[in-house]
1. Which pairs do you get when a residue that is of a type in the set (Val, Ile, Thr), found in the stretch 285-310, comes within reach of a residue that is crowded, with 20+ Cβ neighbours inside 10 Å and part of a helix (DSSP H, G or I), reach meaning Cβ atoms under 7 angstrom, with the pair 6+ apart or on two chains?
2. Which one of Ala167, Ala153 is touching a Pro at 6+ places or on another chain (Cβ under 7 Å), surrounded by fewer than 23 Cβ atoms within 10 Å (Cβ to Cβ) and within 27 Å of Gly302 (Cα to Cα)?
3. Go through the stretch 5-50 and give me each residue that's farther than 15 Å from Arg100 by Cβ and of a type in the set (Lys, Arg).
4. Would you say Ala89 is in a helix (DSSP H, G or I), at pLDDT below 95 and open to solvent by less than 10 Å² (accessible area, probe 1.4 Å)?
5. Write out, first by first residue and then by second, each pair whose Cβ atoms fall under 8 Å of each other, whose residues are 6+ apart or on separate chains, and whose first residue, in the stretch 224-245, is without any contact (Cβ under 8 Å) to a residue 12 or more places away in the chain and within 25 Å of Tyr152 (Cα to Cα) while the second is open to solvent by less than 60 Å² (accessible area, probe 1.4 Å) and of a type in the set (Lys, Arg).
6. Tell me whether the stretch 131-138 contains one or more residues that are crowded, with 17+ Cβ neighbours inside 10 Å and in contact with a Phe, Trp or Tyr (Cβ under 6 Å, 6 or more places away or on another chain).
7. Assuming Asp172 fulfils every condition listed in (1) open to solvent by 30 Å² or more (accessible area, probe 1.4 Å); (2) of a type in the set (D, E, K, R); (3) farther than 30 Å from Thr9 by Cβ apart from one, which condition is it?
Amino acid sequence: MKTDLTDTTASKINKALVLGRRAIGTPAIGMVLTLVIVTDEENAYDALKSASDAAHEHPSRTLVVIKRVSRSPRDRTTSRLDAEVRLGADAGTGETIVLRLYGDVVDHAQSVVLPLLLPDAPVVVWWPVNAPLDPAKDPLGALAQRRVTDTYACEEPIRELVARADAYAPGDTDLSWTRITPWRSMLAAALDQVDCEVQSVEVEGEEFNPSCELLAMWLADRLDVPVRRTVSNGPGLTAVRMDTDCGPVVLDRADGTLANLSIQGQPARAVALKRRETAELIAEELRRLDPDDTYASALRYGVDRLNASAKGDPADEGALAVAAPVGTVAKARAKDAAQEKTPVRKAAAK
């Protein structure tokens with residue numbers, strides 16, 4: 001069931017939700033959380049599809065906040081809220097409200113979202129693209145227990161990691177971190193099988209893939225050994241090589257689907273390590289609503305400190321350069337925002 005509301009208010013949207021639930025015969029609310037997706041028109045469809053797939057595991061009220069950029073000065077001074085309410089088969093296992101904001105109301109999205117939050121239910125805010133520099137201080141981010149960003153969708157993801165570390169607050173997370181969960185589990189399991197001391201590590205992957213940096217920083221933080229970050233043609237992460245006093249431990253994934261785990265003195269084995277879709281990543285993040293201390297520790301280890309640990313090896317020509325300071329990122333983001341003239345935005349990297 002779909003209900004379109006033009007030039008509406010939050011009160012009218014709530015009434016449409018009540019009437020819609022009665023019409024389809026489900027007056028009770030069986031949602032476990034509110035998922036707020038803040039995006040643009042270009043990326044709204046993909047983000048909503050991923051959220052709908054994740055809702056099969058986590059029934060939720062999904063609010064899609066689309067900030068429309070008005071083309072003329074007159075339109076920019078006219079505030080308007082359009083909404084599309086989806087219930088039943090059109091919304092899967094949850095409820096979906098698509099909010100399109102025009103004019104001055106774009107800068108006050110929290111005033112529209114707040115009356116639509118489920119009472120006594122946790123709130124998660126997800127920015128598929130164009131995340132704020134400090135999610136916890138963003139007006140919408142301040143409403144949430146968890147704030148999900150994706151540095152892989154940024155034009156300069158490695159620099160963005162520096163900004164994320166500087167602005168980190170409990171509850172922040174990154175889908176670039178979620179992507180490496182299978183890698184972290186497999187590497188931890190591999191080390192549990194040997195009684196050896198790790199001496200050095202090499203993480204190999206695409207040049208501008210923040211997941212590679214996060215995995216390298218996690219290993220450096222946990223193992224307290226030098227970690228080199230080298231570049232490959234991908235896709236994504238391709239290999240992790242750990243030198244130990246008992247021989248090498250290598251997890252190699254050349255095709256993005258199947259990996260090969262080899263441990264000194266043991267037969268090599270094939271392990272499933274496919275690249276996951278966004279819906280799977282969001283579903284994983286919604287399973288926990290407490291702060292991710294492991295992510296915070298790895299993030300705060302720092303890209304610059306990671307690169308400094310690799311400088312001791314002059315043969316490592318694949319090591320990445322140190323990312324720019326946070327101030328550089330902030331100024332660049334502000335300049336881009338000032339130069340933006342149309343609502344067309346660059347698509348996020350896939």
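1. Pairs that qualify, where the first residue is of a type in the set (Val, Ile, Thr) and the partner is crowded, with 20+ Cβ neighbours inside 10 Å and part of a helix (DSSP H, G or I), are Val303/Ile158; Val303/Leu161; Val303/Val162; Val303/Glu213.
2. Ala153
3. Within the stretch 5-50, Lys15, Arg21, Arg22, Lys49 meet the criteria.
4. Spelling it out, it is not the case that Ala89 is in a helix (DSSP H, G or I), at pLDDT below 95 and open to solvent by less than 10 Å² (accessible area, probe 1.4 Å).
5. none
6. Let us first name the residues in the stretch 131-138 that are crowded, with 17+ Cβ neighbours inside 10 Å, namely 131-132, 134-135, 138.
From what is left, the residues that are in contact with a Phe, Trp or Tyr (Cβ under 6 Å, 6 or more places away or on another chain) are none.
Looking through the stretch 131-138, none of the residues is crowded, with 17+ Cβ neighbours inside 10 Å and in contact with a Phe, Trp or Tyr (Cβ under 6 Å, 6 or more places away or on another chain).
7. (1)
Residue-by-condition table, conditions (1) open to solvent by 20 Å² or more (accessible area, probe 1.4 Å); (2) within 21 Å of Thr151 (Cβ to Cβ); (3) among the β-branched types (Val, Ile, Thr):
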residue: Ala190; (1), (2), (3): no, no, no
residue: Asp195; (1), (2), (3): yes, no, no
residue: Glu204; (1), (2), (3): yes, yes, no
residue: Phe208; (1), (2), (3): yes, yes, no
residue: Ala268; (1), (2), (3): yes, no, no
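The values are calculated or read from the model by the stated rules, or taken from the named source; none is laboratory data. Fair warning: this is a prediction, and the values are worked out from it, not measured in the lab. A quick note on method: Cβ atoms are made from the backbone with ideal geometry, for glycine too, and the neighbour counts reach across all protein chains shown. For accessibility, only protein heavy atoms count, side chains too; no ligands or nucleic acids. Shrake-Rupley method; radii C 1.70, N 1.55, O 1.52, S 1.80 Å.
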